[in-house]
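Undergrad: Got a structure for you, written out below as C-alpha cells; questions coming shortly.
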Amino acid sequence: MLKCYNQQLKINPTDDYTLNRKGEYFLKKNYLKRALKCFNNAIKYDSNNYVYWNNKGECYKHMQKYDLALKCYDEAIKINDSSINAWVGKFDCYYINGDLKKAFLCLDKLLQLDSYHFDLDILENDGDFYYDIEEYSKALLCFKK
C-alpha cells in the first residue's frame with residue numbers, strides 16, 4: 001500500500017487525499033512522527049478538511065500530547081461540528097487527564113449527535129463517572145439500574 005501512496009505522490013506531490021491516507025497508514029503502524037508529517041502536509045494543501053485535523057489530533061493523542069490533540073480536534077469541530085470522531089477524541093483527552101466535567105460535556109454532545117449509535121461502553125461504569133463529576137443524583141439512578 002505504501003508503494004501506491006508514494007507512486008501517487010510522485011505524480012502529484014500536493015495530493016492532500018493521498019498524503020492523508022499515507023498518514024493513516026503510518027498511524028496504524030504506530031510510526032507517529034511520519035504520520036504527523038503526512039497530516040501536516042495534507043493540511044497545508046487543504047486546511048478546511050476536518051478529517052485531516054481529526055487524524056492529526058489522533059496522532060498527537062497517541063503521542064500523549066493531549067493539549068496539541070485538543071487543538072486539532074477543535075479545528076476539526078470548527079469545520080464540522082458534527083464530527084463524532086473529533087468529539088470522541090476530545091472526550092478521550094479530557095477523560096485521560098482527569099478533566100471529567102469537560103469530558104462530560106463532550107459525552108453530552110456525542111449523545112446529541114448520535115444517541116442511537118453511540119456506544120456508552122466508552123465508560124466502564126456510568127454511575128462511577130457521574131459520581132466522579134459530583135452529579136450524585138444521576139449516579140444514583142445508574143447504580144439503581
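The values are calculated or read from the model by the stated rules, or taken from the named source; none is laboratory data. The structure presented is a predicted model; accordingly, all values stated were derived computationally and were not measured. Here Cβ is always computed from backbone atoms with ideal geometry, including for glycine, and neighbour counts include all displayed protein chains.
Undergrad: Restricting the first residue to segment 55-79 and requiring it to be assigned to a helix (DSSP H, G or I), which pairs with a second residue that is hydrophobic (A, V, I, L, M, F, W, C) and loosely packed, with under 15 Cβ neighbours inside 10 Å meet a Cβ separation below 9 Å and a spacing of at least six or different chains?
TA: Pairs that qualify, where the first residue is assigned to a helix (DSSP H, G or I) and the partner is hydrophobic (A, V, I, L, M, F, W, C) and loosely packed, with under 15 Cβ neighbours inside 10 Å, are LYS61/ILE96; TYR66/ILE96; ALA69/MET63.
Undergrad: A further question on this structure: So which of PHE118, PHE104 ends up being part of a helix (DSSP H, G or I), more than 30 Å from CYS4 (Cβ to Cβ) and at pLDDT below 95?
TA: Every option except PHE104 fails the conditions.
Undergrad: Restricting attention to segment 50-78, which residues are surrounded by fewer than 21 Cβ atoms within 10 Å (Cβ to Cβ) and either modelled with pLDDT under 95 or over 19 Å from LEU107 (Cα atoms) (or both)?
TA: TYR50, VAL51, HIS62, MET63, GLN64, LYS65, LEU68
Undergrad: Let me ask you something else. With the structure loaded, tell me whether SER47 is modelled with pLDDT under 95, among the small types (Gly, Ala, Ser) and surrounded by fewer than 17 Cβ atoms within 10 Å (Cβ to Cβ) or whether it fails that test.
TA: Criteria not met by SER47.
Undergrad: Same structure, new question: Which pairs turn up if I take residues in segment 3-28 that are more than 18 Å from LYS44 (Cβ to Cβ) and look for partners that are in a helix (DSSP H, G or I) with beta carbon separation below 7 Å, at least 6 apart in sequence or on another chain?
TA: TYR25/LEU2; TYR25/TYR5
Undergrad: Please verify whether ILE84 is within 26 Å of ASP15 (Cα to Cα), modelled with pLDDT under 95 and among the aliphatic types (A, V, I, L, M), treating the condition exactly as stated.
TA: yes
Undergrad: Against the definition (of a type outside the set (A, V, I, L, M, F, W, C) and closer than 21 Å to THR14 by Cα), how does LYS56 come out, yes or no?
TA: yes
Undergrad: Within segment 10-38, restricting attention to residues that are assigned to a helix (DSSP H, G or I) and among the β-branched types (Val, Ile, Thr), which residue is surrounded by the fewest Cβ atoms within 10 Å (Cβ to Cβ)?
TA: Ranking the candidates gives ILE11 first.
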